[in-house]
Amino acid sequence: MTQPQSIDPTAQQYEVHYPDSDGKPIGETDFHIAVIVYLRQVLRRFFRHSDDTYVAADMLLYYEAGNPAAFRVPDTFVVKGVSTQDRRVFKIWEEKAAPCVVFEITSRSTRLEDQGTKRALYEMLGVREYFLFDPLEEYLTPRLQGLRLVDGAYAPMVPTPDGDLLSEELGLRLMPEGKLLRLVDCATGERLPTLDEAIERAETEAERASIAETEVARLREELSRLRRSNGT
């Protein structure tokens, strides 16, 4: 009689499900949401000509294969050396890259995680720059702080006399402005606009172009009239 073959349970392959939501409601103030949306929008635009720099916000970042409980949700993060395609989640072992920069828009209720477990994890993962910004100035003094990876450990960044921080990874200056964390292009000095500012700028330029076109048409008509009156 043929003996049934034994099955080694360790040899079976099981598909691990990595959810794209942690099931928790988003409980942020308008001020925190505004900063997160701004960072995602301007960083994506700033790196729009790069095909290997990915920017995400409020996305589940998985860091341990086979363990769907091993994740964090950075407010905004930037990864170099990967495609720019949209994703549902980010798995470090599949992408073969960790974020180079992480932003946490912190508050009194998240300070222990932001300054404790998240800081330790990002340091372990090799996140080269980690920024904390407290838009409401609830507990963090100064309200913008940065850490840079030096020999495998985080060291505090030294702010400029104005309280700004320079990101070597991004080539940007980080500047608190009201309750917003403004980004400034170090190469050009341009303040990267919010979406509202960009729309207003585009509308102003379009209006100026329309006025200029109308003025050119008027001058051409005036020139034509003068030529007619002179018989030329």
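Observations on the model:
- Qualifying residues in the stretch 194-229 (those that are within 30 Å of Pro135 (Cα to Cα) and either of a type in the set (Ser, Thr, Tyr) or in contact with a Phe, Trp or Tyr (Cβ under 9 Å, 6 or more places away or on another chain) (or both)) - the one modelled with the lowest pLDDT: Thr204
- Of all residues in the stretch 29-54 being touching a residue at least 24 places away in the same chain (Cβ under 8 Å) and more than 14 Å from the chain's Cα centre (by Cα), the one that is nearest to Cys100 (Cα to Cα): Asp52
- Residues located in the stretch 66-94, provided they are over 20 Å from Thr117 (Cβ atoms) and in a loop (DSSP other than H, G, I, E, B): Gly66, Gly81, Val82, Ser83, Thr84, Gln85, Asp86, Arg87, Arg88
- Residues in the stretch 136-175 that are charged (D, E, K, R), within 14 Å of Cys100 (Cα to Cα) and assigned to a loop (DSSP other than H, G, I, E, B): Glu168, Glu169.
- Condition check for Asp151: out of contact with any Phe, Trp or Tyr (no Cβ under 7 Å at 6 or more places or on another chain), surrounded by fewer than 12 Cβ atoms within 10 Å (Cβ to Cβ), at pLDDT below 95 and assigned by TED's automatic domain parsing to the domain that holds Lys80: no
- Any hit, the stretch 95-110, residues being surrounded by fewer than 18 Cβ atoms within 10 Å (Cβ to Cβ) and part of a loop (DSSP other than H, G, I, E, B): yes
- Of all residues assigned to the stretch 115-125, none qualifies as being surrounded by 18 or more Cβ atoms within 10 Å (Cβ to Cβ) and touching a helix residue (DSSP H, G or I) at 6+ places or on another chain (Cβ under 7 Å).
- Where Ala57 falls short, out of the listed (1) surrounded by 14 or more Cβ atoms within 10 Å (Cβ to Cβ); (2) in contact (Cβ under 8 Å) with a residue 24 or more places away in the chain; (3) not hydroxyl-bearing (Ser, Thr, Tyr): (2)
- Any hit, the stretch 168-185, residues being surrounded by fewer than 16 Cβ atoms within 10 Å (Cβ to Cβ), aliphatic (A, V, I, L, M) and under 14 Å from Phe46 (Cβ atoms): no
The values are calculated or read from the model by the stated rules, or taken from the named source; none is laboratory data. These figures come from a predicted structure and were not determined experimentally. Neighbour counts run over all protein chains shown; Cβ positions are idealised from the backbone, glycine included.
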